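**Q** Mind looking over this structure? Questions follow.
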Amino acid sequence: MTNAVMPTYARLPVTFAKGEGAFLWDTAGKQYLDALSGISVCNVGHARREVADAICAQAHELLHTSNLYQIEHQQALAEKLCALSGFDNVFFGNSGAEANEAAIKIARLYGHNKGVAVPTIIVMSNAFHGRTMATVTATGNPKAQAGFAPLVEGFVRVEYGDADAVAAMASNSNIVAVLVEPVQGEGGIRIPAADYLPRLRAICDQHDWLLMVDEIQAGMARTGTWFAFQHSKIQPDVMTLAKALGNGVPIGACLAAGKAVNVFGPGNHGSTFGGNPLACRAARAVIEVMEHDNLTARAAELGEYFLSQFREKLTGVTGVRDIRGKGLMIGVELERDCGELVKQALERGMLINVTAGNVIRLLPPLIITDAQADQIITMVSELVQAFLHPAAGERPS
Ligand SMILES: *Cc1c(COP(=O)(O)O)cnc(C)c1O
């Protein structure tokens, strides 16, 4: 019989019934340690009481009015996000792709306002920006694009991490913006050189382009600062957020600073659900928890610990190509594809992910304990050893 849900995901054969902190339990009661957080969504852990309470309270008060009216929690959340990030105003949507759509529309309108005929955005190899037509065009993955032609006009692609390649685009007078992930997530936890964003900032300033950072995966304390761009001393013009902003309640945000602030006016963009009282109150609670638990510092500290431990256990192991990370955005790259490790970890009660074929991606909740971190490090190291050298170790069941 045809499954009533469209097969757009290759799903693992497990159904979770409950979560608490870094733990999940499936419908048979088996416990799992979550080292993925729903792909960097549940950064403050599952069923966090303060967030659940905020959602319940708001559900009893008011779920939705409309952006035709003032919305107190939206206003307060926008002010808080601006205070944390140095941006000046915010548009709210419901997902990452929508946040990036807003950024793309800001860039195009910004271009048209200054007379650019075909506003064009520079995007990166291996980028991931979402699945809508414009964002899948911006995404640097031919597999995600296959079959969906005609793609959207107005994008050119350069190699991620190569600021010179961006500078070389200056001869194209249609360029209006650069869209970049400060750390690439889906692309394989790729971390550019420390001077990459500062150089992009300088190039954008020189040519009057907008610097737009996609922090949908790397933002919200994940890398050890509120936003990953804050590891550099720069201010982008546009930033997009989603994923962990609502800890699982759907919400996306597009923030603007400087030249990008007054681009949108009434009628230029909108969303029925965007910024509704429920999502915004949940996001405010998420930020309060992150502040209360000092999770930026915790992510930074634990990230260092993960890296040092993995380096100790896996450096020099034949078949391990690289160990890298920024805060709790951690990648262990092997020399060959290792997707089967996800299932092996699941059988042993742990959720991990493999992206870009051969990169083990770990995005644990920022609230994990030292002991839970050790459990993840030990199990992933053992799985990698057994995968690469089955004779030497015990083969996982
Ligand atoms: C997940 C992700 C998106 C897309 O977000 P959706 O909510 O799935 O639309 C965009 N950019 C980055 C960097 C992401 O990690």
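Each value in this text was obtained by applying a stated rule to the coordinates, not by laboratory testing. Owing to the predicted nature of the structure, the values given are computational and were not obtained by experimental measurement. Positions of Cβ are backbone-derived with ideal geometry, glycine not excepted, and every protein chain shown enters the neighbour counts.
**Q** Specify which residue in the list 148, 279, 319 is farthest towards the positive end of the charge dipole of the chain, using unit charges on the beta carbon of Lys, Arg (+1) and Asp, Glu (-1), about the Cα centre.
**A** Of 148, 279, 319, it is 148.
**Q** State the extension gain, in nm to one decimal, for the chain segment bounded by residue 208 and residue 68, taking 0.36 nm per residue of separation less the distance between their alpha-carbons.
**A** 47.1 nm
**Q** Using a 7 Å offset from the Cα along the Cα-to-Cβ direction at both residue 369 and residue 88, what is the distance between the two label points in nm, to one decimal?
**A** Rounded to a tenth, the inter-label distance reads 4.8 nm.
**Q** I would also like to ask the following. So if each residue of separation counts as 0.36 nm, and I subtract the Cα-Cα distance between residue 148 and residue 343, what length gain in nm does that give?
**A** Stretched fully, the residue 148-residue 343 segment lengthens by 67.2 nm.
**Q** Please state the Cα pair-distance histogram of segment 332-394 with 10 angstrom bins from zero: what percent is in each bin?
**A** Per 10 Å bin, starting at 0, the Cα pair percentages come out as 21, 55, 22, 2.
**Q** Related question: Quick one: longest stretch of the chain between exposed loop trypsin sites (Lys or Arg not before Pro), exposed meaning at most 11 other C-beta atoms within 10 Å and loop per DSSP?
**A** The answer is 115-232.
**Q** Report the longest stretch of the chain that contains none of the chymotrypsin sites (Phe, Trp or Tyr not before Pro) sitting in a DSSP loop with at most 14 other Cβ atoms within 10 Å.
**A** No qualifying site falls inside 149-397, the longest such stretch.
**Q** Counting alpha carbon pairs within less than 8 Å and at least 6 residues apart, what relative contact order, in whole percent, applies to segment 49-292?
**A** Relative CO of segment 49-292 lands at 30 percent.
**Q** Tell me which residues come under 5 Å, amide H to amide H, from residue 157 once H is placed; ignore anything under 5 positions away on its chain.
**A** 123
**Q** What share of all Cα pairs of segment 204-330, in percent, falls into each consecutive 5 Å distance bin?
**A** 2, 10, 14, 17, 17, 14, 11, 7, 4, 2, 1, 0
**Q** Hey, another quick one. Along the charge dipole of the chain, pointing to its positive end and built from +1/-1 on Cβ of Lys, Arg, Asp and Glu, which listed residue (169, 71, 83) has its Cα farthest out?
**A** 169
**Q** Suppose each label sits 7 Å from its Cα in the direction of the beta carbon; what would the residue 168-residue 9 distance come out to in nanometres?
**A** Placing both labels 7 Å along Cα→Cβ, they lie 3.9 nm apart.
**Q** Same structure again: What does the charge count around residue 110 come to, taking other residues whose C-beta lies under 12 Å from its C-beta (Lys +1, Arg +1, Asp -1, Glu -1)?
**A** Counting the neighbours of residue 110, the net charge comes to +2.
**Q** Mind checking the full-extension length gain between residue 53 and residue 272? Use 0.36 nm per residue of separation minus the Cα-Cα distance, one decimal, nm.
**A** 76.4 nm
**Q** Something else about it: Of the GluC sites (Glu not before Pro) in segment 97-170, which ones lie in a loop per DSSP and count no more than 14 other C-beta atoms within 10 Å?
**A** When the GluC sites (Glu not before Pro) of segment 97-170 are filtered for loop state and at most 14 Cβ neighbours within 10 Å, 153, 159 remain.
**Q** Relative to the compact-globule scaling 2.2 N^0.38 Å, provide the ratio for the alpha-carbon radius of gyration of segment 1-103.
**A** Taking the Cα Rg and dividing by 2.2 N^0.38 Å, one obtains 1.40.
**Q** In deg cm²/dmol, rounded to 500, what helix-only [θ] at 222 nm does the chain give when every DSSP H run of at least 4 residues adds -39500 (n - 2.57) and the total is split over its residues?
**A** -11000 deg cm²/dmol
**Q** Let me ask you something else. Longer than 25 Å from Cα to Cα, which of 18/80; 143/243; 114/233 are they? Say none if no pair is.
**A** Violating the 25 Å Cα-Cα cut-off are 18/80; 114/233.
**Q** In the chain, which whole DSSP H runs stretch at least 15 Å along their own axis (Cα) and average -0.5 or higher on the Kyte-Doolittle scale?
**A** 49-61, 72-85, 96-113, 196-207, 277-292, 295-314, 370-388
**Q** Let me know the Kirkwood hydrodynamic radius for the chain, please, with Cα pairs as the basis and the value in Å to one decimal.
**A** 21.8 Å is the Kirkwood radius here.
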